[in-house]
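Enquirer: Structure below; questions to follow.
The values are calculated or read from the model by the stated rules, or taken from the named source; none is laboratory data. A quick note: this is a predicted structure, and the numbers were derived from the prediction, not measured. Cβ sites come from the backbone with ideal geometry, for glycine too, and all protein chains shown count toward neighbours.
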């Protein structure tokens with residue numbers, strides 16, 4: 001357990017009010033302790049480390065300058081917000097970060113009055129902050145509203161929708177801080193990154209602009225004149241107009257995001273300037289800890305590590321991770337089919353598409369944090385003859401739902417949508433659990449939905465999808481497989497029928513995906529005669545198997561790692577009822593609630609579809 005007493009200044013600061021009582025000199029010492037505390041806690045209780053190390057000075061300056069919680073700070077992607085949590089009354093609770101029953105790893109409105117908006121998915125801060133600023137304006141309540149966006153989130157289209165809308169309200173006071181650390185989880189991709197580098201290096205323009213606005217802010221008539229003539233000035237200094245100012249945001253920067261004294265001065269100055277403003281700061285992901293600075297992708301979420309040496313405490317895997325099965329299989333398929341390409345929205349290492357990227361960089365596309373674009377870009381590739389494998393985490397695919405319907409399914413294009421992190425994911429919590437993909441995709445025509453129970457099945461389902469002339473969704477969980485041999489195995493032609501894993505006469509369990517392994521273990525432990533069926537394909541349902549089970553069994557259990565409402569179990573229950581089967585059916589899965597954070601084993605138990613819960617259901621059905 002971390003001893004908070006050893007930190008002189010950190011121990012004295014429990015709220016932002018205490019922070020604002022410090023001198024700037026004391027503030028610098030506080031920052032050193034704050035960074036050390038984050039490192040110490042995260043070395044034994046893993047979390048998103050690198051991004052939060054990079055925002056320690058910024059977070060401290062924000063709470064020092066602004067009267068929080070009256071003034072509102074909205075964080076984009078909670079990866080940046082550990083210092084914020086510690087400053088805002090959760091210092092002692094930070095040791096429970098991401099643990100079951102502890103504080104969330106992301107900002108959460110229900111957790112603290114200082115968390116003005118939830119932030120588990122990227123690119124939401126500007127739209128949310130503008131909404132808050134407008135609400136305050138309508139209520140005639142004077143307060144400052146700040147949106148902090150970074151970690152690659154500006155590549156998301158929603159961020160530009162927010163900028164465009166907010167820029168059209170010249171009298172609404174909102175400050176957007178662009179935390180430019182040149183990273184998301186992996187290195188950012190796209191023209192925007194090159195653009196930010198361009199304006200970052202135009203020092204003369206930035207110095208000139210900073211001085212000009214400082215003077216003009218005190219002379220309103222001159223300020224209005226400057227707004228009208230600003231584009232001419234910018235065109236004279238930069239080859240291209242400043243992107244942000246073309247959206248009617250006054251641009252300030254670039255400021256060293258690790259110089260807290262400078263940040264305080266700039267933020268105090270900006271408080272006196274109304275309307276939409278954007279402050280561009282440069283930070284280093286992993287700042288203050290050499291291993292994290294040297295390898296920011298790995299240290300985005302490094303797991304446990306030795307604080308003194310920087311050596312990561314590696315987990316000994318008993319099987320391959322599903323994401324690595326995907327990555328290697330994609331490369332193997334691409335070697336034999338030149339039409340195959342890979343697409344990912346800023347997650348090449350997270351989904352292991354980096355395996356193919358190393359050998360075939362021209363056939364892999366990291367499109368930035370832009371899930372909708374990833375899907376429609378994949379549809380365009382398919383329309384022109386490619387066979388795209390688009391890998392998006394299940395919870396992130398929610399953001400591209402219309403793109404799947406309109407651009408892929410409606411046109412029946414052979415896009416393979418691989419949903420990593422389907423089902424319960426663990427410590428990232430409600431924003432990241434892949435609970436809804438079966439429910440939201442099962443109703444979409446033309447989609448085939450596959451759910452492998454092990455590594456070999458994932459490999460074969462990817463092969464089958466590469467040969468299909470229609471869109472396919474393949475959902476698989478986070479973490480380790482079952483230890484089934486799959487490497488270098490031949491690709492085989494398979495159909496979409498279910499598989500009987502165990503015969504029985506008393507009860508039938510119809511399981512989806514990796515829940516088939518749970519069902520098989522429970523059935524073998526039960527004194528009753530329990531049959532187990534691996535559904536394999538969620539859509540289309542294997543009606544031949546359902547007819548056989550419906551006619552033979554009076555008691556049926558369905559189990560899936562996803563939402564019960566709209567899930568496989570309800571579809572099976574409806575089919576059996578429609579066709580006159582009188583079996584008693586019990587559906588197991590995620591109930592009609594958002595699931596908190598914790599270890600997967602804890603959450604499966606909480607949701608009552610782990611092995612123990614299944615055994616209890618077998619006994620009582």
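Enquirer: Given the structure, is residue 487 surrounded by 14 or more Cβ atoms within 10 Å (Cβ to Cβ), under 18 Å from residue 352 (Cα atoms) and touching a residue at least 24 places away in the same chain (Cβ under 8 Å)?
Expert: no
Enquirer: I would also like to ask the following. Residues that are in contact (Cβ under 8 Å) with a residue 24 or more places away in the chain and over 23 Å from residue 350 (Cα atoms): list the helices (runs of 4 or more DSSP H) wholly contained in segment 241-312 that include at least 3 such residues.
Expert: So the answer is 260-270.
Every residue, every condition in (1) at pLDDT 95 or above; (2) closer than 20 Å to residue 517 by Cα; (3) under 23 Å from the mean Cα position of the chain (by Cα); (4) surrounded by fewer than 20 Cβ atoms within 10 Å (Cβ to Cβ), yes or no:
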position: 586; (1), (2), (3), (4): yes, yes, no, yes
position: 603; (1), (2), (3), (4): yes, yes, yes, no
position: 609; (1), (2), (3), (4): yes, yes, no, no
position: 614; (1), (2), (3), (4): yes, yes, no, no
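Enquirer: Would you kindly identify the helices (runs of 4 or more DSSP H) lying entirely within segment 1-119 that contain at least 2 residues that are under 29 Å from residue 595 (Cα atoms), within 28 Å of the chain's Cα centre (by Cα) and not assigned by TED's automatic domain parsing to the domain that holds residue 606?
Expert: 24-44, 49-54, 82-85
Enquirer: If I ask for residues that are in contact with a helix residue (DSSP H, G or I) (Cβ under 7 Å, 6 or more places away or on another chain), closer than 22 Å to residue 136 by Cα and surrounded by fewer than 24 Cβ atoms within 10 Å (Cβ to Cβ), which ones from segment 64-105 would you list?
Expert: 64, 65, 72
Enquirer: Moving on to the next point. Which number in (1) modelled with pLDDT under 95; (2) out of contact with any helix residue (DSSP H, G or I) (no Cβ under 6 Å at 6 or more places or on another chain) marks the one condition that residue 251 misses?
Expert: (2)
Enquirer: Read through the list (1) surrounded by fewer than 24 Cβ atoms within 10 Å (Cβ to Cβ); (2) closer than 20 Å to residue 600 by Cβ; (3) in contact with a strand residue (DSSP E or B) (Cβ under 9 Å, 6 or more places away or on another chain), then give the number of the only condition that residue 430 fails.
Expert: (3)
Enquirer: Ok, one more. Select from segment 129-178 the residues that are surrounded by fewer than 21 Cβ atoms within 10 Å (Cβ to Cβ) and on the phi > 0 side of the Ramachandran plot and list them in ascending order.
Expert: 140
Enquirer: Any residue that is within 21 Å of residue 425 (Cα to Cα) and not in a loop (DSSP other than H, G, I, E, B) - is there at least one of those in segment 547-554?
Expert: no
Enquirer: Hey, another quick one. Test residue 365 against the criterion of being within 21 Å of residue 124 (Cα to Cα) and touching a strand residue (DSSP E or B) at 6+ places or on another chain (Cβ under 6 Å), and give yes or no.
Expert: Here the answer is no, as residue 365 does not meet what is asked.
Residue by residue, here is whether (1) modelled with pLDDT under 95; (2) surrounded by fewer than 21 Cβ atoms within 10 Å (Cβ to Cβ); (3) under 17 Å from residue 612 (Cα atoms) holds:
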position: 493; (1), (2), (3): yes, yes, no
position: 496; (1), (2), (3): yes, yes, no
position: 513; (1), (2), (3): no, no, no
position: 520; (1), (2), (3): no, yes, yes
position: 525; (1), (2), (3): no, yes, yes
position: 530; (1), (2), (3): no, no, yes
position: 541; (1), (2), (3): no, yes, no
